[in-house]
Amino acid sequence: MRSRAHSVTDEVVLVGNPNAGKSTLFNVLTGGHAAVGNWHGVTVSVLSKEATIGKTLVRVCDLPGVYSFDGLTLEEQNAVAFLRSHSDAFVLFVCECSALLRCLPLIGRLRKEGRRMALVLTKERRFLRAGGRYNRVAIAEALGVQVLSADGGRRTFGAELERALHLLPQQETLDREPVLPKEAYDPPAAVWTRADRLFCHPVFGAVFFLSLIAAVFYLVFAPGCAGDLLRTGAEALFSRLSRLAGGIASPVIRSLVADGIVAGVGGVVCFLPQILLLFFFLILLEESGLMSRLAALTDGMFSRVGLNGRAVFSLLMGFGCTAAAALTTQGLEDEKTRRKVLFSLPFLPCSAKLPVTLMLFSSFLKNPFPAVLIFYFAGALVCLFVASFVERRPAAPLVLELAPLQIPHPVFVFKSLLFQLKQFIIKLATVIFAFFLASWMLSSFDFSLRFCAAEESILATICGGLKILFVPIGCGDWRVAYAAFSGLIAKENIAGTFALFCGGFPFEAESAIAFSVFLLLCPPCVSAITAIARAIGAGRALLAALVGMAAALAASYSVYFLMQGGAWLVFPLPLIALLAPRNRHGRIRRNRTHLPFRLHRQGLRTGVVLFPHSAAGPRDPRERGKGRTGSASQKGGRRKILPHVCTGISFRFPHFVRGRQRRRGG
């Protein structure tokens, strides 16, 4: 057990604006692996870990970024609540050098509360290259806090932080607003660079990002490119391992190794190179600063479905992992916006669906690249379509700080890829391996524990009743039903299950396309559903999963029906609708000089409907006195009540409608 004899404080809280370098500093102090990135909102919850600073044992807490103590987003509110509940913690305010003036109100607020704190300046080299100047001693005197530099090396920074912890057991309250003289801090002039103007231009930016996405998909999926070559090499490796396992004498052990482990796990691992390539390009997009430019560019499009540009961070993360993307929604403005994104995320194809998609389209196409591109594009369209119907409301205004454009550091990109590889290996060695081991056992033995063929096994008996769900798409096989529902554990299991039992997708092209529609719309894995349930509640998350499953089955049935000749029955329907006779008296006719009103748009629910006063009279001022007699006058807001001939409900009509009713003898 480590000694706490030299401990000065139990907690060190990292506070500051988003993208200031708090998570990087947290990893340096604790040796942790907190997610970092060149965009705002990477940290969405409080992270804590013990660390030894010199001879001092402390617990370092990394808080989400805040701009003010009256934050709008959920992550800012969580950070402020944590600060208020830990009033005795030592505050390490992490601030980017170029943003020091913007952080003065936050620093002043903490100083007025008498918090023990020190200031850490980050990204010093970039600040100096841009022409900025600062004096640490003068800043410390002006603010009344010790100023540390994060660019001085780990040992130097650790020694300075230890001295700050010892020398600041208490701190005086600052009653004035903090001000920095010019000799203490002289920032460079803010410049809107040519690159910023290009990437945020509506035409050039759209063409650039669409071309970039197309190039990424081409490199990952097209035949003869990097992703396809790496996948072919992995398949050749596992094919060689399968032949070696075929030489095992015992039939049970041979089946376990060749069919259960090599075929099942290999069916997932073969697609690992393409998954890593996809993550590689996502990391480059984040670290280069292009992610925030894409958010600013797509704000107008997202506003049409009730979102703003900040949603692009969560949606792009959804292409990697739905569960991780659900956690990033805490950086959104309010609960309604968060729910819109959470309900839409499951329809974005995550990286776990990539092996299944390639397996389905490769079963009938030599070049699956166009089909995969259409699949991902359809997922994005469905996601936006669902967002437009969930929580209908105007989009919140976009408040976004553009991350600086930079060339991603190779070491950081390599470490990020290693982290993703580590996560995949952990998932492969635990959840996926255990699933395929259980699948092999259930498909190799009957209820009397006798080694048998798969058609006579326990699994075939259990899943025999589920195959009826996939008969309408031409897949009346218990193995298809088992593969489909195995995706609830992990989507990679679908590809591995087909490889385990069938060696690939064994049905025709129409069935493969219909199953891909099911894959696109079906609920995500259990871990993603759990992450969504933490945000919106278990009841709503379960209901959304059930509705998604029903919609996926119905859509796959419809697609298979159309491809099997049903399109000839569907295409004449629009023509019949155009030629059908219409009811000539189905609406109330009005003069063009009056404001339109339509009963079916008024939300008629109760016995009386009140119309706005502006719609009650003619627009022409010269006719305002016409048609008003006695109790029918609109002066006091009174209206004559006319009975509805169909339902008996009373409506309050404007006077010009009553006039036409009298002229018609009604």
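The values are calculated or read from the model by the stated rules, or taken from the named source; none is laboratory data. Because the structure is predicted, anything quoted here is derived from the model rather than measured. Please note: Cβ atoms are built from the backbone with ideal geometry, for glycine as well, and neighbour counts cover all protein chains shown. What goes into the accessible areas is simple: the full protein's heavy atoms, side chains included, and nothing from ligands, DNA or RNA. Shrake-Rupley method; radii C 1.70, N 1.55, O 1.52, S 1.80 Å.
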How about segment 352-384: which of its residues are touching a residue at least 24 places away in the same chain (Cβ under 8 Å) and within 24 Å of residue 305 (Cβ to Cβ)? 353, 373, 375, 376, 378, 379, 380, 382, 383, 384
Of (1) over 30 Å from residue 234 (Cβ atoms); (2) open to solvent by less than 30 Å² (accessible area, probe 1.4 Å), residue 336 fails just (2)
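Take segment 238-259 and flag every residue that is part of a helix (DSSP H, G or I) and either at positive phi or touching a residue at least 12 places away in the same chain (Cβ under 8 Å) (or both). Walk me through how you get there before you give the answer.
Here is the first cut: in segment 238-259, the residues part of a helix (DSSP H, G or I) are 238-245, 251-259.
Within segment 238-259, 238, 241, 242, 245, 251, 252, 255, 256, 257, 258, 259 meet the criteria.
With the requirement that a residue be closer than 22 Å to residue 548 by Cα and surrounded by 15 or more Cβ atoms within 10 Å (Cβ to Cβ), what does segment 368-387 give you? Show your work before the answer.
So in segment 368-387, the residues closer than 22 Å to residue 548 by Cα come out as 372, 374-387.
Of everything in segment 368-387, those that are closer than 22 Å to residue 548 by Cα and surrounded by 15 or more Cβ atoms within 10 Å (Cβ to Cβ) turn out to be 372, 375, 376, 378, 379, 380, 382, 383, 384, 386, 387.
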Given (1) closer than 26 Å to residue 525 by Cα; (2) open to solvent by 80 Å² or more (accessible area, probe 1.4 Å); (3) among the β-branched types (Val, Ile, Thr), where does residue 431 come up short, assuming only one miss? (2)
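Please work out if residue 311 is among the small types (Gly, Ala, Ser), over 25 Å from residue 427 (Cα atoms) and touching a helix residue (DSSP H, G or I) at 6+ places or on another chain (Cβ under 8 Å). Explain how you work it out, then say what you get.
Values: among the small types (Gly, Ala, Ser): yes; over 25 Å from residue 427 (Cα atoms): yes; touching a helix residue (DSSP H, G or I) at 6+ places or on another chain (Cβ under 8 Å): yes.
Yes: the conditions hold for residue 311.
Here is a list: 405, 365. Which entry is in contact with a Leu (Cβ under 8 Å, 6 or more places away or on another chain), outside any helix (DSSP H, G or I) and open to solvent by 30 Å² or more (accessible area, probe 1.4 Å)? Break it down stepwise before answering.
Numbers: 365 fails: in contact with a Leu (Cβ under 8 Å, 6 or more places away or on another chain).
Going through 405, 365 in turn, just one is in contact with a Leu (Cβ under 8 Å, 6 or more places away or on another chain), outside any helix (DSSP H, G or I) and open to solvent by 30 Å² or more (accessible area, probe 1.4 Å): 405.
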The lone exception for residue 75 - which of (1) farther than 16 Å from residue 332 by Cα; (2) assigned to a helix (DSSP H, G or I) it fails: (1)
Could you tell me whether residue 422 is open to solvent by 70 Å² or more (accessible area, probe 1.4 Å), outside any loop (DSSP other than H, G, I, E, B), under 30 Å from residue 19 (Cα atoms) and out of contact with any strand residue (DSSP E or B) (no Cβ under 7 Å at 6 or more places or on another chain)? yes
Condition broken by residue 53, with the remaining ones in (1) modelled with pLDDT of 85 or more; (2) open to solvent by less than 10 Å² (accessible area, probe 1.4 Å) satisfied: (1)
Among the residues of segment 84-109, the number that are over 23 Å from residue 404 (Cα atoms), surrounded by fewer than 21 Cβ atoms within 10 Å (Cβ to Cβ) and touching a strand residue (DSSP E or B) at 6+ places or on another chain (Cβ under 8 Å) is 2
List the residue pairs whose Cβ atoms are under 6 Å apart, where the first residue sits in segment 117-134 and is touching a residue at least 24 places away in the same chain (Cβ under 8 Å) and over 9 Å from residue 97 (Cα atoms), the second is open to solvent by 10 Å² or more (accessible area, probe 1.4 Å) and polar (S, T, N, Q), and the two are 6 or more positions apart or on different chains. 118/146
Single residue of segment 286-317 satisfying the filter (of a type in the set (Lys, Arg) and in a loop (DSSP other than H, G, I, E, B)) that is nearest to residue 393 (Cα to Cα): 304
Checking residue 315 against (1) more than 18 Å from residue 389 (Cβ to Cβ); (2) open to solvent by less than 20 Å² (accessible area, probe 1.4 Å), which single condition isn't satisfied? (1)
Look through segment 339-351, keep the residues that are part of a helix (DSSP H, G or I) and open to solvent by 10 Å² or more (accessible area, probe 1.4 Å), and return whichever of them is farthest from residue 270 (Cα to Cα). 339
If you check residue 222 against the conditions, is it within 30 Å of the chain's Cα centre (by Cα) and open to solvent by less than 60 Å² (accessible area, probe 1.4 Å)? yes
For residue 416, the lone unmet condition from (1) at pLDDT below 85; (2) small (Gly, Ala, Ser); (3) part of a helix (DSSP H, G or I); (4) not assigned by TED's automatic domain parsing to the domain that holds residue 260 is (4)
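Is it true that residue 230 is over 13 Å from residue 294 (Cα atoms) and either in contact with a helix residue (DSSP H, G or I) (Cβ under 7 Å, 6 or more places away or on another chain) or open to solvent by 60 Å² or more (accessible area, probe 1.4 Å) (or both)?
Numbers: over 13 Å from residue 294 (Cα atoms): yes; either in contact with a helix residue (DSSP H, G or I) (Cβ under 7 Å, 6 or more places away or on another chain) or open to solvent by 60 Å² or more (accessible area, probe 1.4 Å) (or both): yes.
Spelling it out, residue 230 is indeed over 13 Å from residue 294 (Cα atoms) and either in contact with a helix residue (DSSP H, G or I) (Cβ under 7 Å, 6 or more places away or on another chain) or open to solvent by 60 Å² or more (accessible area, probe 1.4 Å) (or both).
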Any hit, segment 476-496, residues being at pLDDT below 90, farther than 25 Å from residue 345 by Cα and in contact with a Pro (Cβ under 9 Å, 6 or more places away or on another chain): yes
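Residues in segment 401-410: is at least one farther than 30 Å from residue 304 by Cα and among the charged types (D, E, K, R)?
Taking segment 401-410 as the starting set, the residues that turn out to be farther than 30 Å from residue 304 by Cα are 406-410.
Among the residues that remain, those that are also among the charged types (D, E, K, R) are: none.
Scanning segment 401-410, I find no residue that is farther than 30 Å from residue 304 by Cα and among the charged types (D, E, K, R), so the answer is no.
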